[in-house]
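Colleague: Have a look at the structure that comes next, please.
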Amino acid sequence: MKLTSLHDLYIAELKDLYDAENRIVKALPKMAEAANSPELRTAFEQHLEQTRGHVDRLEQIFQKMDEAPKGQKCKGMEGLIDEGEEMIDEGDDAPPAVSDAALIASAQRVEHYEIAAYGTVRNFARRLGFDDHARLLQQTLDEEGETDKKLTDLAESYINEQARSAK
């Protein structure tokens, strides 16, 4: 897709996010399965449901613009998920808390990527006068921030301390 306007860039970024969210939908069950902490497993399972909602919101936006959501590959998310899968593989022999700390680190990289991307497209939507899109994107941005905070709270409440003490 040739970028000749902010509108073109907006659509390209939305397509990138759509691919990213669909990759996350596929990755989260593996992360939940790899989690040792029941609270971390639950957090991943809850975020999977939220992520399916993020995909639905993006589809709503594409439908309003009469655009197809597919056609863009999110190489950034592909790389982050590949790194996360490596963490899962490397964590097989690690103490449970160390493995969980690694999962949280990987998940937070993903969340921070999404927070940056959603903030950007929300700003584009506002600038382009798509206030209804901006509201949907802000809702997702808020949920991504809540997930990041939940992961931080889990790490700080006990997982990182258990990982520090692991041998």
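Each reported figure results from applying straightforward, stated rules to the coordinates on display, with no laboratory input. Note that the structure is a prediction, hence the values are computed from the model and not measured. We place every Cβ from the backbone using ideal geometry, glycine too, and count neighbours over all the protein chains shown.
Colleague: ³J(HN,Hα) across region 73-84 via Karplus (A = 6.51, B = -1.76, C = 1.60, θ = phi - 60°), whole Hz, x for Gly/Pro?
Modeller: 9, 8, 5, x, 5, 4, x, 5, 5, 4, 4, x
Colleague: Further question on the same structure: Helix-derived [θ] at 222 nm for the chain: sum -39500 (n - 2.57) over DSSP H runs of at least 4, divide by residue count, nearest 500?
Modeller: On the way: 6 runs with 135 residues, N = 167.
Result for the chain, helices only: -28500 deg cm²/dmol.
Colleague: A further question on this structure: Using r as the Cβ-Cβ distance of GLU45 and HIS112, and R0 as 22 Å, what FRET efficiency do you calculate, to the nearest 0.05?
Modeller: Details: r = 21 Å, r/R0 = 0.94.
My answer for the efficiency is 0.60.
Colleague: Taking the alpha-carbon distance from LYS30 and a cut-off under 29 Å, which lysines remain once sequence neighbours fewer than 8 residues away in the same chain are dropped?
Modeller: LYS15, LYS70, LYS73, LYS75, LYS149, LYS150, LYS167
Colleague: If you don't mind, another one. Taking the Cα-to-Cβ direction at ASP56 and at SER5 and moving 7 Å from each Cα, how far apart do the two end points lie in nm?
Modeller: 3.1
Colleague: Rounded, prolate or oblate for region 6-165? Axes are the square roots of the Cα gyration tensor eigenvalues, ordered a ≥ b ≥ c, and the cut-off for rounded is a/c under 1.5.
Modeller: Values: a/c = 2.62, a/b = 2.09, b/c = 1.25.
Prolate is the answer for region 6-165, as a/c is 1.5 or above and a/b outweighs b/c.
Colleague: Would you kindly state how much longer the chain becomes between GLN138 and LYS26 on full extension, computed as 0.36 nm times their sequence separation minus their alpha carbon distance, in nm to one decimal? Show your work: numbers first, answer last.
Modeller: Numbers: separation 112, 0.36 × 112 = 40.32 nm, distance 2.33 nm.
The GLN138-LYS26 span can extend by a further 38.0 nm.
Colleague: Something else: Expressed as a rounded percentage, what relative contact order does the chain have, with Cα pairs under 8 Å and six or more residues apart? Working shown, then result.
Modeller: Details: 176 pairs, mean separation 45.2, N = 167.
It rounds to 27 percent for the chain.
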